[in-house]
Amino acid sequence: MSKSTLKYIGKRLLISLVTLFVILVVLFLIVKLLPGSPINNERLSETQRAAIEARYGLDQPILTQFVNYVKNMLTGDFGVSYNMYKDMPVASLVGSAAKISFMYGLSAVIIGGVLGTLLGVFAALHKNTIWDTLATVISVIGVSVPSFVFAMMILILFASKLHIFPTQYSSMNPIGSSIMPVMALSVGVIANVARFTRTEMVSVMNSEYMTLAKAKGLDSKTLIFKHALRNALIPVVTILGPILVNLMTGTMVVEKICGVPGLGKLLINSILSNDVNIILACSFLYAAMYIVMMLIIDVSYGIIDPRIRLGKEDS
Amino acid sequence: MDANLKNIEFLPDDFEFVGDKQDISIDVVAPAKPAWKEAIGIFSQNKGAVIGLIMIIIIVLLAIFAPILSSWEFDDLNTSLQSISPNLEHWFGTDTNGRDLWVRLWTGARISLFIAVCAVFIDVIVGTTYGLISGYFGGMVDSVMQRIQEIINSIPTLVVLTLLLMVMKSSLTTIVFALSLTEWIGMSRIVRAQVLKVKEEEFVLASRTLGAKSFFIIFKEILPNIYSQMIIMIMMSIPNAIFYEAYLSFVGLGLPVPNASLGTLINDGFESFLVYPYMMLIPAVVLSVLMLSFNLFGDGLRDALDPTMKEM
């Protein structure tokens, strides 16, 4: 790694940290600006409410609250739930929910990545035939149709009509109930990856080094997988960002449809029941995940292809 | 010579037809056409894009006229007509409150389209201004504006939208506001990139040499040269806005009842979709077709107007 690469990574790291801090401040302010008291229990009298607020430290000035929050956060303490799960530590609630969402997202990326690559290679090798058209149609549909529509259709087909999988998530059968949401989530990934792989494969197959490789008399398997695909897959790093965004919105809605107790469902429920500490922790986790992934993508792309220096190349 | 030729008698089989020789042909010089005619030509070759355009027109027409022409109203509650499956009287059935879904669907499509168009309109204004200033003036201004934009851009749209609608009371205006708040960045990036390219061109230099002021150069020289990229970006943003509106409604932060948008209809249908699948399926299909059409149309437009944008 050269000095400039390190400098670039350092700069990106700094920007990410600043961004994370800005996000935390904004989130904190928004949550504090929410109308009404964070304790939503109608039966409490004014004095009782004041006592509870004092116990949680909600009566202190907002700056002190923020400093305390950040201090606690650095030790892994995200406060406790006020309404939904009385006094449960938010860190463990969010942690267990995030584990499920993360597993689903990861499975969708792996399944979608493999199938999408195969579909893209297949389409590129059968360029301008009916198979290519078919693959293109599949990927355009996959990109355009929102994942919750897929989740719904899969649910109607497999759970309601064929009774293969349970309609709602059950903790008894975590693997069986994960199949449908993962299927729904991976459709978008397949479509994105296939579309991109096809374009890249076509341009790589037309390049001169492929003609040379063919002239050397390599068999088509080595030709496709060793020479073409390896080069075609490098730029796929660029679409990981959009895929990640799709997956994040995807998990929120798909979890709602399939009743999965993941991060998305926790965030939606906490918003509906005004549980501020959970809202804060979930949104922050979403933002942090996004920023970290973007950082990894940018940096790895800068290392793979040093011509790309984001934010620098266009000035 | 002539006398010799006259003496030769030609027979029918003296000459043999060698078939079409593709490699011997006259170069056809394409007649010069205006750029927009060329673009229409390329666009109409693209079947998917034309189908997309036709579907968009059909959906827009239905969204405008179907509610007017129907005898039902979108918010007519009728408890005696609850959850009727699609039939001749109620083409798409009724919902759990006895409201006609055909009318509700197209009213919903109308509102979804309206929200998307408004949001994208604001995006264009804000994004273009930001991109033009940042790209044209460059230097310190550009650096500062780019850092700000980078920070805003790294907050996921989903978190911004969700939190914003939590604080503001959900209504048509707030949804449009929330959507435009997150979506202008894409526009400003495209505009900035194009401005950086165009401002180095010689005609800009010529204009400056003639004494033109920045204002004139930006609006008369640069802006007309980046219209096609902006149109493409607009067409790409509309399906995005439609999707995010549906997403917001689906997580329960959409338009308040009795208003309908495609998202709220899907959300309402979701409550009972295992019993009455049509309530959710029909709006979901319309939403998907709409997004698909816009994507196909946008792709076709991009290939016709500016093929180099494919990389972005």
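The values are calculated or read from the model by the stated rules, or taken from the named source; none is laboratory data. As the structure is a computational prediction, the values presented were derived from the model and not from experiment. FYI the Cβ positions are ideal-geometry reconstructions off the backbone, even for glycines, and counts take in every protein chain you see. The area values use the complete protein model at the heavy-atom level, side chains included, leaving out ligands, DNA and RNA. Shrake-Rupley method; radii C 1.70, N 1.55, O 1.52, S 1.80 Å.
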**Request:** On a 0 to 90° scale, report how tilted helix A:90-125 is relative to the longest principal axis of chain A, with both axes built from alpha carbons and the result rounded to the nearest 10.
**Result:** 10 degrees
**Asked** What's the local net charge at residue A:120, with K and R +1, D and E -1, over the other residues with C-beta under 13 Å away?
**Response** +1
**Asked** If all Cα-Cα distances of segment A:55-184 are sorted into 5 Å bins from 0 onward, what percent lands in each bin, rounded to whole numbers?
**Response** 2, 8, 11, 13, 12, 11, 10, 9, 8, 6, 4, 3, 1, 0
**Asked** Is chain B rounded, prolate or oblate when judged by the Cα gyration tensor, a ≥ b ≥ c being the square roots of its eigenvalues, rounded requiring a/c under 1.5 and prolate requiring a/b larger than b/c?
**Response** oblate
**Item:** Solvent-accessible area buried by pairing A with B, both sides, nearest 100 square angstrom, 1.4 angstrom probe
**Value:** 3700 Å²
**Complete:** Counting Lys and Arg as +1 and Asp and Glu as -1 over every other residue whose Cβ sits under 12 Å from the Cβ of residue A:223, the net charge comes to +4
**Message:** On C-alpha positions alone, give me the angle between the axis of helix B:157-167 and the longest principal axis of chain B, in degrees, nearest 10.
**Reply:** 30 degrees
**Item:** Computed magnitude of the charge dipole of chain B (debye, nearest 20; Cβ of K, R +1, Cβ of D, E -1)
**Value:** 1360 debye
**Complete:** Everything considered on the Cα gyration tensor (a ≥ b ≥ c; rounded for a/c under 1.5, else prolate if a/b is larger than b/c, else oblate), chain A must be described as oblate
**Prompt:** Sorted by average packing, counted as other Cβ atoms within 10 angstrom per residue and highest first, what order do B:216-225, A:151-160 take?
**Reply:** A:151-160, B:216-225
**Request:** Positive end of the charge dipole of segment A:97-272 (Lys, Arg +1 and Asp, Glu -1 on Cβ, about the Cα centre): tell me which of A:98, A:211, A:131 has its Cα farthest that way.
**Result:** A:211
**Request:** With an 8 Å cut-off on Cα pairs and a minimum separation of 6 or more residues, tell me the relative contact order of segment A:97-272 in percent.
**Result:** 34 percent
**Request:** Taking amide H positions as placed in the peptide plane 1.01 Å from N, state which residues far from residue A:80 in sequence (5 or more) or on other chains have amide H under 5 Å from it.
**Result:** A:90
**Request:** Can you tell me the relative contact order of chain B? Whole percent, Cα pairs under 8 Å, sequence separation 6 or more.
**Result:** 24 percent
**Prompt:** Within a Cβ distance under 13 Å of residue A:55, other residues only, what is the Lys/Arg minus Asp/Glu net charge?
**Reply:** -1
**Prompt:** Angle, helix A:276-304 long axis vs. longest principal axis of chain A, Cα atoms, 0 to 90°, nearest 10?
**Reply:** 30 degrees
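How much of the accessible area of chain A, probe 1.4 Å, is carbon plus sulfur, in whole percent?
That share works out to 68 percent.
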**Asked** Which one of B:253, B:61, B:301 has the biggest mean-square fluctuation once chain B is modelled by GNM with Cα springs under 10 Å?
**Response** B:61
**Request:** Determine the shielding of peptide A:148-160 by partner chains: average, over its residues, the number of Cβ atoms on other chains within 10 angstrom of each Cβ.
**Result:** 4
**Message:** Quick check on my link table: of A:7/A:214; A:221/B:47; A:71/A:265; A:127/A:161; B:33/B:197, which ones sit more than 30 Å apart, alpha carbon to alpha carbon?
**Reply:** A:7/A:214; A:221/B:47; A:127/A:161
**Request:** Compare B:92, B:43, B:15 in a GNM of chain B, Cα atoms joined below 10 Å, and give the one with the largest fluctuation.
**Result:** B:15
**Item:** GNM flexibility winner over chain A from A:99, A:161, A:216 (Cα, springs under 10 Å)
**Value:** A:216
**Item:** Modelled label reach - residue A:170, point 7 Å along Cα→Cβ, segment A:247-281 residues with backbone N closer than 15 Å
**Value:** A:259-260
**Asked** So, in Å, what gap is there between the alpha-carbon centers of segment B:224-253 and segment B:30-54?
**Response** 23 Å
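Hey, can you rank A:253-259, B:123-129 by average C-beta count inside 10 Å, highest first?
A:253-259, B:123-129
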**Prompt:** Could you state the number of Å between the C-alpha centres of segment A:226-289 and segment B:153-216?
**Reply:** 25 Å
**Request:** Take peptide B:252-261, look around each residue's Cβ out to 10 angstrom, count Cβ atoms belonging to other protein chains, and average those counts.
**Result:** 1
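Could you tell me which of rounded, prolate or oblate describes the protein assembly as shown, using a ≥ b ≥ c as the square roots of the eigenvalues of the alpha-carbon gyration tensor, with rounded for a/c under 1.5 and, failing that, prolate when a/b is larger than b/c and oblate otherwise? All intermediate terms of the calculation are to be shown ahead of the outcome.
On the way: a/c = 1.76, a/b = 1.48, b/c = 1.19.
Taking the square roots of the gyration eigenvalues as a ≥ b ≥ c, the protein assembly as shown is prolate.
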**Request:** Compute the separation of the alpha-carbon centres of segment B:89-149 and segment A:146-216 and state it in Å as a whole number.
**Result:** 29 Å
